[in-house]
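Heads up, the thing below is written out as structure tokens.
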Amino acid sequence: MAQSFGQTEINWDKLDKTKFYVIGAGLFTGVTVALYPVSVVKTRLQVATRNTVERSAFSVAKGLIKTNGIPGLYRGFGTVITGAIPARIIFLTALETTKSASFRMLEPLKLSETTQAAIANGIAGMTSSLVAQSVFVPMDVVCQKLMVQGYAGHSQYSGGLDVVRKVLKTDGIRGLYRGFGLSAITYSPSSAVWWASYGTSQRLMWK
């Protein structure tokens, strides 16, 4: 007899947490290593002034490699890994626990399985993204300052901790959360739509 999707789904209670976190962190680190140079080049292009010689992605990458070698393409990478792995763990934990709680809350309403999946996954996606921004935003502030240090008149830093110290000294804790509201407005709804669509698509394809 064919099983329903709900009978085969691995929810938070059944999940092997060790494998979940280790594999998730490993995959995220691999993707970050591959794509991080693109972020560095993009960020430098975004802050370039009219007088900046490097006007294209190729010229920015070439200038970094010429001046600092391959490590120049990974400025701030240590900060990203140090902050992003805990942030991803927080995101995944909030996602799965909120999703399980949402499914339990929706059970008495007797909605269809697809509708329940859309609502529960949407709530989980929005909540987990909002929670994770509390770590992602300070990390982005620090990383972006490291990416552009010494470029187009930007300050120089000795590392991530030096950035944090100087930001706190000049702007206080609010300096590390610049753009938090915009990040929340941008990423929370998009995460809700993404996870709601994902959960719905799973059920529809299973049927």
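The values are calculated or read from the model by the stated rules, or taken from the named source; none is laboratory data. Everything numeric here is computed off the predicted structure, so don't read it as measured data. Don't worry about glycine lacking a Cβ; one is built from the backbone with ideal geometry, like all the others, and counts go over all protein chains shown. Surface areas here come from the heavy atoms of the whole protein model, side chains and all, with no ligands, DNA or RNA. Shrake-Rupley method; radii C 1.70, N 1.55, O 1.52, S 1.80 Å.
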Being outside any loop (DSSP other than H, G, I, E, B) and in contact with a Leu (Cβ under 9 Å, 6 or more places away or on another chain) narrows 135, 164, 193 down to just 164
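A quick yes/no check of all residues on (1) open to solvent by 50 Å² or more (accessible area, probe 1.4 Å); (2) among the β-branched types (Val, Ile, Thr); (3) over 29 Å from residue 18 (Cβ atoms); (4) assigned to a helix (DSSP H, G or I):
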| residue | (1), (2), (3), (4) |
| --- | --- |
| 63 | no, no, yes, yes |
| 105 | yes, no, no, yes |
| 115 | yes, yes, yes, yes |
| 130 | yes, no, no, yes |
| 155 | yes, no, yes, no |
| 158 | yes, no, yes, no |
Original post:
Just wondering, is there one or more residues in region 44-55 that are open to solvent by less than 50 Å² (accessible area, probe 1.4 Å) and touching a Lys or Arg at 6+ places or on another chain (Cβ under 8 Å)?
Top reply: yes
Over region 160-193, the set of residues buried (at least 16 other Cβ atoms within 10 Å of the Cβ) and more than 16 Å from residue 144 (Cα to Cα) is 184, 187, 188, 191, 192
